[in-house]
Amino acid sequence: MELFVSQYTWIQKTRELLFRYCETVSPEDYVKELETFGGDSILGLQAHVADCYRAWLGTRALGKSLAAISPESINNVQEMQEVYRKTDEMVYEFLREFNGKWEQNVPVMFENGRHAEFTALWLFTHTITHEFHHKGQIVKMGRTLGYIPPDTDLIDPKL
(Lines give C-alpha, C1' and ligand atoms only; values in the text may rest on other atoms or scores of the structure.)
Protein backbone atom coordinates (compact mmCIF):
# COMPACT_ATOMS: atom_id res chain seq x y z
CA MET A 1 0.00 0.00 0.00
CA GLU A 2 2.81 2.42 0.76
CA LEU A 3 3.77 2.61 -2.91
CA PHE A 4 0.26 3.63 -4.02
CA VAL A 5 -0.13 6.02 -1.09
CA SER A 6 3.12 7.70 -2.16
CA GLN A 7 1.92 7.82 -5.74
CA TYR A 8 -1.40 9.38 -4.76
CA THR A 9 0.38 11.91 -2.54
CA TRP A 10 2.32 13.10 -5.60
CA ILE A 11 -0.95 13.37 -7.51
CA GLN A 12 -2.45 15.47 -4.69
CA LYS A 13 0.57 17.82 -4.70
CA THR A 14 0.31 18.22 -8.46
CA ARG A 15 -3.43 18.83 -8.12
CA GLU A 16 -2.70 21.54 -5.55
CA LEU A 17 -0.53 23.32 -8.14
CA LEU A 18 -3.50 23.18 -10.52
CA PHE A 19 -5.83 24.58 -7.83
CA ARG A 20 -3.41 27.48 -7.18
CA TYR A 21 -3.43 28.14 -10.92
CA CYS A 22 -7.24 28.02 -10.98
CA GLU A 23 -7.31 30.64 -8.21
CA THR A 24 -5.65 33.05 -10.68
CA VAL A 25 -8.45 32.47 -13.20
CA SER A 26 -11.34 34.90 -12.88
CA PRO A 27 -14.55 33.41 -11.45
CA GLU A 28 -16.24 34.06 -14.81
CA ASP A 29 -13.56 32.21 -16.75
CA TYR A 30 -13.49 29.34 -14.24
CA VAL A 31 -17.09 28.47 -15.14
CA LYS A 32 -16.98 29.57 -18.81
CA GLU A 33 -18.04 26.78 -21.14
CA LEU A 34 -15.73 26.60 -24.13
CA GLU A 35 -17.09 25.25 -27.41
CA THR A 36 -13.58 24.22 -28.50
CA PHE A 37 -13.59 21.85 -25.50
CA GLY A 38 -17.00 20.33 -26.14
CA GLY A 39 -18.79 22.95 -24.05
CA ASP A 40 -16.87 22.04 -20.89
CA SER A 41 -15.57 24.51 -18.34
CA ILE A 42 -12.58 24.22 -16.02
CA LEU A 43 -14.98 23.75 -13.10
CA GLY A 44 -16.95 21.18 -15.08
CA LEU A 45 -13.87 19.09 -15.87
CA GLN A 46 -12.68 19.18 -12.26
CA ALA A 47 -16.12 18.02 -11.10
CA HIS A 48 -16.09 15.29 -13.75
CA VAL A 49 -12.73 13.98 -12.51
CA ALA A 50 -13.88 13.93 -8.88
CA ASP A 51 -17.05 12.14 -10.00
CA CYS A 52 -14.95 9.53 -11.79
CA TYR A 53 -13.16 8.75 -8.52
CA ARG A 54 -16.56 8.61 -6.80
CA ALA A 55 -18.09 6.27 -9.36
CA TRP A 56 -15.20 3.85 -9.91
CA LEU A 57 -13.59 3.68 -6.47
CA GLY A 58 -16.38 4.70 -4.12
CA THR A 59 -19.52 3.28 -5.66
CA ARG A 60 -18.25 0.38 -7.74
CA ALA A 61 -15.21 -0.81 -5.76
CA LEU A 62 -16.21 0.07 -2.20
CA GLY A 63 -19.96 -0.42 -2.70
CA LYS A 64 -20.83 2.97 -1.24
CA SER A 65 -24.03 4.77 -2.08
CA LEU A 66 -22.67 8.16 -3.07
CA ALA A 67 -24.47 10.98 -4.83
CA ALA A 68 -23.05 12.09 -8.15
CA ILE A 69 -20.88 15.19 -8.09
CA SER A 70 -22.69 17.87 -10.05
CA PRO A 71 -20.80 20.90 -11.40
CA GLU A 72 -23.91 22.99 -10.75
CA SER A 73 -23.52 22.43 -7.00
CA ILE A 74 -20.00 23.93 -6.96
CA ASN A 75 -19.50 27.68 -7.25
CA ASN A 76 -15.77 28.34 -6.98
CA VAL A 77 -12.28 26.90 -6.59
CA GLN A 78 -12.54 26.74 -2.79
CA GLU A 79 -15.71 24.64 -2.97
CA MET A 80 -14.02 22.39 -5.53
CA GLN A 81 -11.09 21.91 -3.16
CA GLU A 82 -13.56 20.74 -0.51
CA VAL A 83 -14.98 18.22 -2.99
CA TYR A 84 -11.46 16.89 -3.48
CA ARG A 85 -10.78 16.70 0.27
CA LYS A 86 -13.72 14.30 0.50
CA THR A 87 -12.54 12.51 -2.64
CA ASP A 88 -9.10 12.04 -1.09
CA GLU A 89 -10.63 10.43 2.00
CA MET A 90 -12.44 7.95 -0.23
CA VAL A 91 -9.32 7.20 -2.30
CA TYR A 92 -7.35 6.45 0.88
CA GLU A 93 -10.16 4.18 2.03
CA PHE A 94 -9.94 2.36 -1.31
CA LEU A 95 -6.15 2.03 -0.92
CA ARG A 96 -6.57 0.55 2.56
CA GLU A 97 -9.35 -1.81 1.46
CA PHE A 98 -7.44 -3.23 -1.50
CA ASN A 99 -3.96 -3.17 0.01
CA GLY A 100 -2.25 -6.34 -1.10
CA LYS A 101 -5.27 -7.36 -3.20
CA TRP A 102 -4.47 -5.40 -6.38
CA GLU A 103 -5.23 -8.31 -8.70
CA GLN A 104 -8.60 -8.93 -7.03
CA ASN A 105 -11.45 -8.65 -9.51
CA VAL A 106 -14.18 -6.16 -8.72
CA PRO A 107 -17.52 -6.88 -10.40
CA VAL A 108 -19.07 -3.82 -11.98
CA MET A 109 -22.59 -3.32 -13.26
CA PHE A 110 -23.16 -0.36 -15.54
CA GLU A 111 -26.35 1.69 -15.81
CA ASN A 112 -27.18 -0.03 -19.11
CA GLY A 113 -27.16 -3.43 -17.36
CA ARG A 114 -23.80 -4.53 -18.76
CA HIS A 115 -21.53 -6.43 -16.37
CA ALA A 116 -17.73 -6.42 -16.28
CA GLU A 117 -14.88 -7.15 -13.91
CA PHE A 118 -11.83 -4.99 -13.32
CA THR A 119 -8.91 -5.52 -10.99
CA ALA A 120 -8.40 -3.09 -8.13
CA LEU A 121 -5.13 -2.06 -9.78
CA TRP A 122 -6.96 -1.27 -13.04
CA LEU A 123 -9.54 0.83 -11.17
CA PHE A 124 -6.86 2.87 -9.41
CA THR A 125 -4.81 3.27 -12.60
CA HIS A 126 -7.87 4.29 -14.59
CA THR A 127 -8.89 7.01 -12.17
CA ILE A 128 -5.47 8.59 -11.77
CA THR A 129 -4.64 8.57 -15.48
CA HIS A 130 -8.10 9.99 -16.16
CA GLU A 131 -7.31 12.89 -13.81
CA PHE A 132 -4.02 13.64 -15.59
CA HIS A 133 -5.71 13.51 -18.99
CA HIS A 134 -8.21 16.16 -17.92
CA LYS A 135 -5.54 18.17 -16.08
CA GLY A 136 -3.89 18.67 -19.45
CA GLN A 137 -7.18 19.84 -20.92
CA ILE A 138 -7.71 22.26 -18.01
CA VAL A 139 -4.27 23.78 -18.54
CA LYS A 140 -5.00 24.14 -22.25
CA MET A 141 -8.38 25.74 -21.46
CA GLY A 142 -6.63 28.27 -19.24
CA ARG A 143 -4.17 29.07 -22.00
CA THR A 144 -7.07 29.51 -24.42
CA LEU A 145 -8.58 31.99 -21.96
CA GLY A 146 -5.30 33.94 -21.78
CA TYR A 147 -3.77 32.58 -18.56
CA ILE A 148 -0.20 31.34 -18.34
CA PRO A 149 -0.09 28.05 -16.40
CA PRO A 150 2.73 26.84 -14.21
CA ASP A 151 4.39 23.51 -14.92
CA THR A 152 1.75 21.05 -13.73
CA ASP A 153 3.56 17.88 -14.72
CA LEU A 154 4.10 15.44 -11.90
CA ILE A 155 6.14 17.35 -9.36
CA ASP A 156 9.59 16.43 -8.11
CA PRO A 157 9.08 14.07 -5.15
CA LYS A 158 11.73 15.96 -3.16
CA LEU A 159 9.52 19.06 -3.01
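So that you can scan it fast, the table gives a plain yes or no per residue for (1) more than 25 Å from residue 46 (Cα to Cα); (2) outside any strand (DSSP E or B):
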{"residue": "102", "(1), (2)": "yes, yes"}
{"residue": "108", "(1), (2)": "no, no"}
{"residue": "111", "(1), (2)": "no, yes"}
{"residue": "116", "(1), (2)": "yes, no"}
{"residue": "125", "(1), (2)": "no, yes"}
{"residue": "131", "(1), (2)": "no, yes"}
{"residue": "140", "(1), (2)": "no, yes"}
{"residue": "148", "(1), (2)": "no, yes"}
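Out of the residues in the stretch 7-20 that are touching a residue at least 40 places away in the same chain (Cβ under 8 Å) and out of contact with any helix residue (DSSP H, G or I) (no Cβ under 8 Å at 6 or more places or on another chain), state the one that is surrounded by the most Cβ atoms within 10 Å (Cβ to Cβ). First the steps, then the outcome.
From the stretch 7-20, those touching a residue at least 40 places away in the same chain (Cβ under 8 Å) are 7-8, 10-15, 17-20; that's our starting set.
Next, only the ones that are out of contact with any helix residue (DSSP H, G or I) (no Cβ under 8 Å at 6 or more places or on another chain) stay: 10, 13, 17, 20.
Working: 10: 15, 13: 14, 17: 17, 20: 12.
Restricting to residues being touching a residue at least 40 places away in the same chain (Cβ under 8 Å) and out of contact with any helix residue (DSSP H, G or I) (no Cβ under 8 Å at 6 or more places or on another chain), the top hit is 17.
Taking residue 146 as meeting all but one of (1) surrounded by 10 or more Cβ atoms within 10 Å (Cβ to Cβ); (2) at pLDDT 95 or above, write down the number of the exception.
If we test residue 146 against (1) surrounded by 10 or more Cβ atoms within 10 Å (Cβ to Cβ); (2) at pLDDT 95 or above, just (1) comes out false.
With the requirement that a residue be loosely packed, with under 15 Cβ neighbours inside 10 Å and either at pLDDT below 95 or more than 19 Å from the chain's Cα centre (by Cα) (or both), what does the stretch 21-32 give you?
Restricting attention to the stretch 21-32, the residues satisfying the condition of being loosely packed, with under 15 Cβ neighbours inside 10 Å are 23-24, 26-28.
Of everything in the stretch 21-32, those that are loosely packed, with under 15 Cβ neighbours inside 10 Å and either at pLDDT below 95 or more than 19 Å from the chain's Cα centre (by Cα) (or both) turn out to be 24, 26, 27, 28.
Determine whether the stretch 45-52 contains at least one residue that is in contact with a Cys (Cβ under 8 Å, 6 or more places away or on another chain) and polar (S, T, N, Q).
Residues of the stretch 45-52 that are in contact with a Cys (Cβ under 8 Å, 6 or more places away or on another chain), as a first pass: 46.
If we keep only those that are polar (S, T, N, Q) as well, we get 46.
Yes, the stretch 45-52 has at least one match.
Starting from residues that are within 13 Å of the chain's Cα centre (by Cα) and in contact (Cβ under 8 Å) with a residue 40 or more places away in the chain, keep the ones in the stretch 85-122 and report whichever is farthest from residue 19 (Cα to Cα).
First, pick out the residues of the stretch 85-122 that are within 13 Å of the chain's Cα centre (by Cα): 85-91.
Imposing the further condition that a residue be in contact (Cβ under 8 Å) with a residue 40 or more places away in the chain reduces the set to 88, 91.
Numbers: 88: 15, 91: 19 Å.
Top of the filtered list is 91.
Can you pull out the residues in the stretch 18-58 that are within 21 Å of residue 68 (Cα to Cα) and outside any helix (DSSP H, G or I)?
If the condition is that a residue be within 21 Å of residue 68 (Cα to Cα) and outside any helix (DSSP H, G or I), then 33, 38, 39, 40, 41 are the ones that fit.
How about the stretch 73-125: which of its residues are touching a His at 6+ places or on another chain (Cβ under 9 Å) and surrounded by 15 or more Cβ atoms within 10 Å (Cβ to Cβ)? Even if it seems obvious, please write down each step before you answer.
Of all residues in the stretch 73-125, those touching a His at 6+ places or on another chain (Cβ under 9 Å) come to 107-109, 118.
Of everything in the stretch 73-125, those that are touching a His at 6+ places or on another chain (Cβ under 9 Å) and surrounded by 15 or more Cβ atoms within 10 Å (Cβ to Cβ) turn out to be 108, 118.
Take the stretch 77-114 and flag every residue that is within 15 Å of residue 59 (Cβ to Cβ) and among the aliphatic types (A, V, I, L, M).
Correct list: 90, 91, 106, 108, 109.
Is it the case that residue 135 is under 28 Å from residue 64 (Cβ atoms) and in contact with a helix residue (DSSP H, G or I) (Cβ under 9 Å, 6 or more places away or on another chain)? Give the derivation first.
Numbers: under 28 Å from residue 64 (Cβ atoms): yes; in contact with a helix residue (DSSP H, G or I) (Cβ under 9 Å, 6 or more places away or on another chain): yes.
Here the answer is yes, as residue 135 does meet what is asked.
With respect to residue 52, determine if the residue is under 20 Å from residue 88 (Cα atoms) and touching a His at 6+ places or on another chain (Cβ under 6 Å).
Values: under 20 Å from residue 88 (Cα atoms): yes; touching a His at 6+ places or on another chain (Cβ under 6 Å): yes.
Judged against the criteria, residue 52 is a match.
The values are calculated or read from the model by the stated rules, or taken from the named source; none is laboratory data. Nothing here was measured: the structure is a model prediction, and the numbers come from that model. So basically every Cβ, Gly included, is an ideal-geometry build from the backbone, and we count neighbours across all protein chains shown.
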